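Undergrad: Take this structure, written in structure tokens, and hold onto it; I'll ask about it next.
The values are calculated or read from the model by the stated rules, or taken from the named source; none is laboratory data. Small disclaimer: the values here were computed from a predicted structure and weren't measured. When we count neighbours, we look across all protein chains shown, and the Cβ atoms used for this are built from the backbone with ideal geometry, even at glycine. Calculation scope for accessible area: heavy atoms of the full protein, side chains included, ligands and nucleic acids excluded. Shrake-Rupley method; radii C 1.70, N 1.55, O 1.52, S 1.80 Å.
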Amino acid sequence: MDIAKKYDPSKVEQKWYQYWMEKGFFHSEPDEREPYTIVIPPPNVTGVLHMGHILNNTIQDILIRRARMLGKNACWVPGTDHASIATEAKVVEKLREEGIDKYSLDREEFLKHAWEWKEKHGGIILEQLKKLGASCDWNRTKFTMDDDMYESVIKVFIDLYEKGYVYRGVRMVNWDPQAKTAISDEEVNYKEVRSKLYYIKYPVDETDQYIEIATTRPETILGDTAVCVHPEDTRYTHLYGKEVIVPVINRKVPLILDEYVDKEFGSGALKITPAHDENDHEIGLRHKLKIIDIFNDDGSLNENAEIHIGEDRFEARENFVKDLEKEGYLVKVEDYTNSIGFSERTDAVIEPKLSTQWFCRMNEMARPALENVMNNNIRFHPPKFKNTYKHWMENIKDWCISRQLWWGQRIPAYYLPDGNYVVAENETEALKKAKRKTGNYELTFNDLKQDPDVLDTWFSSWLWPISVFDGIRNPDNKDINYYYPTDDLVTAPEILFFWVARMIMAGYEYRDEKPFGNVYLTGVVRDNQRRKMSKSLGNSPDPLRLINQYGADGVRVGMLLCSPAGNDLLFDESLTEQGRNFGNKIWNAFRLVKNWEVDGNIRQPEHSKEAIEWFRNRLNKAIEELDKQFEKFRLSDALMNLYRLFWDEFSSWYLEIVKPAYKQPVDRKTYELTLSFFEQLMELLHPIMPFITEEIWQLIYDRGEDESITITEMPGKESYETSLIDSFEKVKEIITSVRNIRKDKDIPYNEALSLQVNGEHMVQFDSVIRKLANIDTIEEIREKPENAVSFMVRTTEYYIPVENVLDTDEEINKLEEELEYTRGFLQSVMKKLNNEKFVGNAPKKVVDREKKKKEDAEQKIKTLEERINSLKK
């Protein structure tokens, strides 16, 4: 068989991905098998592949490929999110480049441009995921604005409205002046910012006194409608009933009393701006204050501000501070660090704004969602995120679900001329409801005006595990009944509340069942300076370049080498290089085996028999460990288990033992069993490294057209002997020690040595020792020999006679170093055994293990001391 000298991923990956697709190996339909389901966290339709996607989708693909090989009916549903704010911003920018203003178009014209943009750019990221090897069921690809998905969202809105959960009201919202829309509390990122604190004098009407007030937002003074003090603050008792004058614009406002004020903070007086601060708004409602909104939707000042009209809020701040200073109202300015909210989408500073919006009550839906995480019906990996989740769910606020955009699911509310409204699936239903509600059967479609706003993007994606299987529109269809609840969700901690919590709420509201059993929370991908990878910092490598340079398998291994669940990943490109090198190691080992000449007439050597017996046991132990690692979602540990199994155990030890001498053939039995081991190793590695394992698996034996490692059965664990594996570990130590002696004493490998043993020694693997250490005789002795170099394995002494070579002083120094180390080791063991808490609380087998270490160390110390004394005589 002609096997390429070097493994070339570029020639292999496209070939096998196309083959998998043509054969439909990734497609799933309900059948009698146990389902295993993952729904992809839908990336923004505007997106391209970044390192976070690589990590997230590598993990998902590993889980889905493993489930497929375990005989489950694996279904990984891909798709994209319409991403209202991000996509609309992209389309507006594209139109601007063409000289078109969004507001010069009507809604339908704008949406035509948006759909054209989506068709041109949308889905790029899904094609890129194929290069990573993602084994999604592409026939099931969904988009949150697909007709069926859109309809599901509208049905849920109407259902929640009719249940009283969805309502319309004027509330203080987080306003994004750049996107010109309200956003939810969860879409606000708070950052510590160096600001200025301005101290300003407010004159008291009809007196020569003033009240000093501090603010970080002096421009909002233009919307002040009161000054507030604590009713128990005696400093201001004499001013009760007075009015205060707003600086520069000379508006008279009342001095009010409210216990909200902290009389110990600053002057104990607050300016009250009900239109632009949530707490001020609450005070304003209690005291029936006038509400003056001074901002336009883009953050510029409107006519209500009286001055600086049309100026951006930050420009107006600078100019108004100059006004205050000029007119003598500015007392002082101090540097000040405070927490400021920024839009998660546009990074614009959020402006609190009173606005009529649609909201969803969350308290009732949050209860089962909290309970079923805390009782581990839904498990978080790592579980540390349960406390964060609990805190958020216990303090949940109503969700602002309306957005002042055109791209998205349009709110199905229809307004009537008299100010009333109805909520309905379509215009025809709305007209029927309107006639019934008003009693006016003369109403026509012209009397209805649909709400121009769309729903928050998350209001569609919170239904994702249900809607992808059409479980909202057709709640009893075969797909939803078979695939739901899904099994595992892989996502990032930063959308634990945006998405995960809301999906759990929707799951219990619409299926009375959890949406998934496990939530695997990945870490944040950071560079080696611990900075989050981002375009702006220029520290994020292009994933497609990495795939082209190191192969998809290399990139997948590189990501796993640094990705413990829930902890940040310190990514370094050398890790993908290490992944590629591992692939090369596998390929070279395969070439070595396949290039052996096989002779069916020669007997199997004893050392090969022993090696096969050992590796069979070692392999089964690794499979047992692997099963446990996957059960606990310890995927990095699973990779390292297989990495060491192949590189250290199989390649460095097993193949070294069984490979035939130079230009000599191998016996057929050893060859066939070695190929069988290779096949099993490829099957175990396939979920992590799908391409190289398929290539090698196909080359190991002649395969049929429809045979693929992708759908073959994962090797299962069989029994193994721990004692046999442990014995072989001693054999490794013996062989390594002999090799070290050869190196230290400059003894060539082709010179056979004798090995003498004083103590307990298993003869089971002597033929392996003879071959790898080039030992001609192994004999047991009771007396310590003269002119011999010694070493110890556990409590057994080994000697190699070396006439005229032994340097007694050097040997004593070496033994004394080992003695000092062993004494230190014994001391650390004794610390544990002398600790009453450890002995009393640790499992018995752990304590027994420490006692055995103590016994072995004491015996070794005794033996070393005797050996040193004998050499000194």
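Undergrad: Over the chain, with every protein chain in place, what whole percent of the accessible area is carbon and sulfur at 1.4 Å, could you tell me?
TA: On the way: 18200 of 40470 Å².
Of all accessible area on the chain, carbon and sulfur atoms account for 45 percent.
Undergrad: Give the total of Lys-Lys pairs in the stretch 131-241 with Cα-Cα distances below 28 Å; include a pair only if its members are 8 or more places apart or on different chains.
TA: Working: 131/142; 142/155; 155/163; 155/180; 180/191; 180/196.
Taking the Cα cut-off of 28 Å, the pair count is 6.
Undergrad: Let me ask you something else. What ranking do 50-63, 635-648 get when scored by the average of other Cβ atoms within 10 Å per residue, highest first? Walk me through the numbers on the way to the answer.
TA: Details: 50-63: 23.1, 635-648: 19.3.
Highest mean packing first, the order is 50-63, 635-648.
Undergrad: Find the accessible area per residue for the stretch 1-84; the probe is 1.4 Å, ligands and nucleic acids are left out, and the unit is Å². It would help to have the intermediate numbers written out before the result.
TA: Numbers: 3180 Å² over 84 residues.
With all protein chains present, the stretch 1-84 gives 38 Å² per residue.
Undergrad: Which entries of 90/118; 784/860; 585/732 show an alpha-carbon separation above 18 angstrom in the structure shown?
TA: Working: 90/118 10 Å; 784/860 15 Å; 585/732 21 Å.
Checking Cα-Cα distances, 585/732 exceed 18 Å.
Undergrad: Shifting gears a bit: Total Lys pairs in the stretch 603-675 closer than 30 Å by alpha-carbon, pairs eight or more apart in sequence or interchain only?
TA: For the stretch 603-675, qualifying lysine pairs total 9.
Undergrad: Rounded to the nearest angstrom and ordered from largest down, what semi-axes does the equivalent ellipsoid of the stretch 670-747 get from its C-alpha gyration tensor (root of 5λ)?
TA: Numbers: eigenvalues 255, 57, 26 Å².
Computed over the stretch 670-747, the values are 36, 17, 11 Å.
Undergrad: Another one. Which whole-number percentage describes the relative contact order of the chain, with Cα contacts under 8 Å and a sequence gap of 6 or more?
TA: Taking the mean separation of contacting Cα pairs over the length of the chain, I get 12 percent.
Undergrad: Over the stretch 264-342, how many pairs of lysines fall under 23 Å by alpha carbon, counting only those 8 or more apart in sequence or from different chains? Please list the in-between numbers first.
TA: Details: 271/288; 271/290; 271/322; 271/326; 271/332; 322/332.
Lysine pairs meeting the criterion: 6.
Undergrad: Still on this structure, please answer the following. Using Cα pairs closer than 8 Å and at least 6 residues apart in sequence, work out the relative contact order for the stretch 340-394, in percent. List each step's numbers first, then the result.
TA: Values: 20 pairs, mean separation 11.2, N = 55.
It rounds to 20 percent for the stretch 340-394.
Undergrad: Also: Ranked highest first by average number of other Cβ atoms within 10 Å, how do 64-70, 818-824, 765-771 line up?
TA: 64-70, 765-771, 818-824
Undergrad: Determine the order of 459, 825 by accessible area, beginning with the largest, at a probe radius of 1.4 Å.
TA: Values: 459 0, 825 75 Å².
Descending accessible area places them as 825, 459.
Undergrad: Sticking with this one: Give me the accessible area per residue for the stretch 141-207, probe 1.4 Å, as a whole number in Å². Each step should come with its number before you reach the end.
TA: Working: 2900 Å² over 67 residues.
Here the per-residue accessible area is 43 Å².
Undergrad: In percent, how large is the relative contact order of the stretch 750-868, given Cα pairs closer than 8 Å and 6 or more residues apart?
TA: Numbers: 129 pairs, mean separation 28.7, N = 119.
Relative contact order for the stretch 750-868 comes out at 24 percent.
Undergrad: On to the next question. What is the magnitude of the charge dipole of the chain about its Cα centre, with +1 placed on the Cβ of each Lys and Arg, -1 on the Cβ of each Asp and Glu, and no other charges, expressed in debye to the nearest 20?
TA: 1220
Undergrad: Then there's this: So, counting K/R as plus one and D/E as minus one, what does the shell of residues with Cβ under 9 Å around residue 337 add up to? Intermediate results must be reported in sequence, preceding the final value.
TA: Numbers: positive: 194; negative: 192, 335.
So the surrounding residues net to -1.
Undergrad: Would you mind checking the radius of gyration and Dmax of the chain based on alpha-carbon positions, in Å?
TA: That works out to 36.5, 121 Å for Rg and Dmax.
Undergrad: Once you wrap a convex hull around the alpha carbon atoms of the stretch 124-206, what is its projected area averaged over all directions, in nm²?
TA: Values: hull surface 52.5 nm².
So the mean shadow area of the Cα hull is 13.1 nm².
Undergrad: Ranked from highest to lowest mean number of other Cβ atoms within 10 Å per residue, what is the order of the peptides 148-157, 24-33? Write out the running numbers ahead of the final one.
TA: Numbers: 148-157: 20.5, 24-33: 14.2.
The densest-packed peptide leads the list: 148-157, 24-33.
Undergrad: On to the next question. Give me the net charge for the shell around residue 753: Cβ to Cβ below 11 angstrom, other residues only, Lys and Arg +1, Asp and Glu -1. Write out the running numbers ahead of the final one.
TA: Values: positive: 739, 742, 745, 770; negative: 751, 776.
Summing Lys/Arg as +1 and Asp/Glu as -1 gives +2.
Undergrad: At residue 823 and residue 854, where each label point lies 7 Å from the Cα along Cα→Cβ, what is the point-to-point distance in nanometres?
TA: Modelled inter-label distance: 2.0 nm.
Undergrad: So, counting K/R as plus one and D/E as minus one, what does the shell of residues with Cβ under 15 Å around residue 498 add up to? Don't skip to the answer; put the middle values down first.
TA: Details: positive: 345, 397, 403, 502; negative: 81, 185, 186, 187, 344, 456, 494.
Net charge around residue 498: -3.
Undergrad: Is there a quick way to get the dipole size of the stretch 676-756? I mean about its Cα centre, with the Cβ of Lys and Arg at +1 and of Asp and Glu at -1; what is the value in debye to the nearest 20?
TA: Working: 8 positive and 17 negative charges, 157 e Å.
Dipole size: approximately 760 debye.
Undergrad: For the stretch 182-255, what Kirkwood radius comes out of the mean inverse Cα-Cα distance, in Å? Intermediate values should be presented prior to the final figure.
TA: Working: mean 1/r = 0.0695 Å⁻¹.
One decimal place: 14.4 Å for the Kirkwood radius.
Undergrad: Mind giving me the FRET efficiency for residue 598 and residue 777? R0 is 30 Å, r the Cβ-Cβ distance, nearest 0.05 is fine.
TA: That pair, residue 598 with residue 777, gives E of 0.45.
Undergrad: Gap in Å between the Cα centre of the stretch 28-60 and the Cα centre of the stretch 495-556?
TA: Each part's Cα centre sits 10 Å from the other's.
Undergrad: Keeping every protein chain present and rolling a 1.4 Å probe, give me the accessible area per residue for the stretch 363-436 in Å². Walk me through the intermediate numbers first.
TA: Values: 3470 Å² over 74 residues.
With the other protein chains kept in place, the stretch 363-436 gives 47 Å² per residue.
Undergrad: Next question. Give the aspartates and glutamates reachable from residue 94 as a straight Cα distance under 12 Å; neighbours fewer than 8 places away on the same chain don't count.
TA: Cα-Cα hits under 12 Å: 116.
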